[in-house]
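The values are calculated or read from the model by the stated rules, or taken from the named source; none is laboratory data. This one's a predicted model, so the numbers in the text were calculated from it and none came from an experiment. When we count neighbours, we look across all protein chains shown, and the Cβ atoms used for this are built from the backbone with ideal geometry, even at glycine. Note: areas computed on protein heavy atoms with side chains; ligands, DNA, RNA excluded. Shrake-Rupley method; radii C 1.70, N 1.55, O 1.52, S 1.80 Å.
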Amino acid sequence: MSRLALTHATVFDSVAGILRPGASVVIDGEDIVDVLFGAPELGDTPTIDLQGRSLLPGLIDAHVHVTAVHSTISKMVTMQPSLITAMSKQIMERMLMRGFTTVRDAAGADYGLVTAIDLGLLDGPRLFIAGHALSQTGGHGDGRAMGDRRMVCACAGIGLLGTVADGVGAVRKAAREQLRGGAHQIKIMAGGGVASPTDPIDGTQYSMDELRAICEEAEAANTYAMAHAYSPKSISRAVEAGVRTIEHGNLLDVASARTMKSHGAFLVPTLATYDSLSREGKQLGWLDSMLEKLARVKDEGINAIRIANDCGVPVGFGTDLLGSMHDDQSNEFLLRAKVSSPSEILQSATSVNARILNRQGRLGVIAKGALADLVVVDGDPTVNLAVMTGQGEHLSLIMKGGRIYKNRLA
């Protein structure tokens, strides 16, 4: 796109957490080239008058599964990758229309989807992928039922299956395979999970040597590891081994939060998925053992955020939804309102998540030199987070990389 200015904008300063009225944001190509206040001289630059509407950086969801096209993961095992790709198209389009211009895929999407988005073959958020999650035998990424001796191959390259690897040498190779395949970060299953059939929710997974080896491989590739973990022990072990972001972390306590703080780690809660599953899990045919684990962690996520805030652990924004539940993505905003202010929640979904992705200054902010990922909101989201919910009905304009995907203001 050629040069364009969005005028009379009330800009959300995602670093300070405040709105700044009277701004003009000048875009050239895919970049923001200036943010001006007052009555600047814009020459013959085409303009869109926002008439005081709120202008936010494009939202970032740091824990999604864009290829989770079915609510029951096991049913995806026999699905063709081409069908999963076709079904993920609508999932990604709808994320973008909810204002999420960037997402971090926490296992499932492959480099082909990244390329398809970048080339404009599919409309959707910018993707940062983990490839396949790394799981020990019997861990959260090993989806076999109790007593099932068959190995399930994750070689198809898309879906939600984990790569099962045991031993330092094997996990190094598995991490290198994900990086070779285009992974932007490595995902580790470092503790028990809700949706997995054979592991206790408070169990730890992988030895410290295995965890360190995976983190070393990520660091060698100038990236980082994210880890699925619930219990304080699994959180602390992962962070001490070098993990940078803890996913979910519902059972976080003060001691493990202090460990996270001392190691500079981030917490990425995903309240939306537990809220959705508590309503739909039984109808989906989840086992009683899985529903019991869900009940244990569901209401603890809010307390984990409170503890993280009190201990100074930066809190990102994730959702972790599956299948038909993807449409609940924006519920995360309201679910967090019990413990965080609207501005803090918006910061989690913008500047904090940009730091998680190592794209601070480029994503999650409205500033000179940032990508022109922008969302115009009808209303003041720092007062009323309801304008961020639903399927984007309160969003007047959505832009990613300077390209307008929705515009009700023209």
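Residue check: is residue 217 open to solvent by 10 Å² or more (accessible area, probe 1.4 Å), under 22 Å from residue 316 (Cα atoms) and acidic (Asp, Glu)? Spelling it out, it is not the case that residue 217 is open to solvent by 10 Å² or more (accessible area, probe 1.4 Å), under 22 Å from residue 316 (Cα atoms) and acidic (Asp, Glu). Being free of Cβ contacts under 8 Å to residues at least 60 places away in the same chain, open to solvent by less than 10 Å² (accessible area, probe 1.4 Å), of a type in the set (Gly, Ala, Ser) and in a strand (DSSP E or B) is the requirement here; does residue 227 meet it? Against the criterion (free of Cβ contacts under 8 Å to residues at least 60 places away in the same chain, open to solvent by less than 10 Å² (accessible area, probe 1.4 Å), of a type in the set (Gly, Ala, Ser) and in a strand (DSSP E or B)), residue 227 qualifies.
Restricting attention to the range 64-89, the residues being among the β-branched types (Val, Ile, Thr), open to solvent by less than 40 Å² (accessible area, probe 1.4 Å) and touching a Leu at 6+ places or on another chain (Cβ under 6 Å) number 1. Applying the selection to the range 307-325, what residues are of a type outside the set (Val, Ile, Thr), open to solvent by 10 Å² or more (accessible area, probe 1.4 Å) and within 15 Å of the chain's Cα centre (by Cα)? Answer for the range 307-325, where residues must be of a type outside the set (Val, Ile, Thr), open to solvent by 10 Å² or more (accessible area, probe 1.4 Å) and within 15 Å of the chain's Cα centre (by Cα): 314, 320, 322. Residue 304: in a helix (DSSP H, G or I), of a type in the set (A, V, I, L, M, F, W, C) and within 24 Å of residue 380 (Cα to Cα), yes or no? Criteria not met by residue 304. Give just the number: which of (1) open to solvent by 40 Å² or more (accessible area, probe 1.4 Å); (2) modelled with pLDDT of 95 or more; (3) not hydroxyl-bearing (Ser, Thr, Tyr) does residue 39 not satisfy? Condition (2) is where residue 39 drops out.
Residues in the range 117-133 that are outside any loop (DSSP other than H, G, I, E, B) and free of Cβ contacts under 8 Å to residues at least 24 places away in the same chain: 118 alone. Summed over the range 17-31, the residues that are within 19 Å of residue 52 (Cβ to Cβ) and surrounded by fewer than 19 Cβ atoms within 10 Å (Cβ to Cβ) give a count of 4.
Considering only residues in the range 381-410 that are of a type in the set (Ser, Thr, Tyr) and not in a loop (DSSP other than H, G, I, E, B), the one that is nearest to residue 331 (Cα to Cα) turns out to be 396. Look at the range 356-373: where a residue is touching a residue at least 60 places away in the same chain (Cβ under 8 Å) and farther than 15 Å from residue 103 by Cβ and a partner is in a loop (DSSP other than H, G, I, E, B) and open to solvent by 10 Å² or more (accessible area, probe 1.4 Å), sitting 6+ places away or on another chain with Cβ atoms under 6 Å, you get 370/362; 372/30. Within the range 242-253, residues that are closer than 21 Å to residue 222 by Cβ and assigned to a loop (DSSP other than H, G, I, E, B) sit with their Cβ atoms under 8 Å from residues that are of a type in the set (Asp, Glu) and at pLDDT 95 or above, at 6+ positions apart or across chains, in these pairs: 242/216; 242/219.
Looking across the range 280-306, the residues that are over 23 Å from residue 69 (Cα atoms), of a type in the set (A, V, I, L, M, F, W, C) and surrounded by fewer than 20 Cβ atoms within 10 Å (Cβ to Cβ) come down to 295, 302.
Condition first: in contact with a Lys or Arg (Cβ under 6 Å, 6 or more places away or on another chain), buried (at least 24 other Cβ atoms within 10 Å of the Cβ), in contact (Cβ under 8 Å) with a residue 40 or more places away in the chain and under 26 Å from residue 327 (Cβ atoms). Can you find one or more residues in the range 3-15 that meet it? Scanning the range 3-15 turns up no residue that is in contact with a Lys or Arg (Cβ under 6 Å, 6 or more places away or on another chain), buried (at least 24 other Cβ atoms within 10 Å of the Cβ), in contact (Cβ under 8 Å) with a residue 40 or more places away in the chain and under 26 Å from residue 327 (Cβ atoms). Can you name the residue in the range 263-279 that is small (Gly, Ala, Ser) and assigned to a helix (DSSP H, G or I) and is also surrounded by the most Cβ atoms within 10 Å (Cβ to Cβ) among such residues? Out of the qualifying residues, it is 272. Just one of the numbered conditions (1) open to solvent by 50 Å² or more (accessible area, probe 1.4 Å); (2) touching a His at 6+ places or on another chain (Cβ under 8 Å) is not true of residue 200: (2). When the criteria are applied in full, residue 344 fails the requirement of being part of a helix (DSSP H, G or I), among the acidic types (Asp, Glu) and surrounded by 24 or more Cβ atoms within 10 Å (Cβ to Cβ). Can you find, within the range 327-341, the residue that is surrounded by the most Cβ atoms within 10 Å (Cβ to Cβ) among those that are out of contact with any strand residue (DSSP E or B) (no Cβ under 8 Å at 6 or more places or on another chain) and either without any contact (Cβ under 8 Å) to a residue 24 or more places away in the chain or not in a helix (DSSP H, G or I) (or both)? The qualifying residue surrounded by the most Cβ atoms within 10 Å (Cβ to Cβ) is 330. Of the candidates 34, 61, 44, the single residue that is open to solvent by 40 Å² or more (accessible area, probe 1.4 Å) and not in a loop (DSSP other than H, G, I, E, B) is 34.
Please determine whether any residue of the range 179-187 is modelled with pLDDT of 95 or more and part of a strand (DSSP E or B). Scanning the range 179-187, I find at least one residue that is modelled with pLDDT of 95 or more and part of a strand (DSSP E or B), so the answer is yes.
Among the residues of the range 347-364, those that are open to solvent by less than 20 Å² (accessible area, probe 1.4 Å) and in a loop (DSSP other than H, G, I, E, B) comprise 357, 364.
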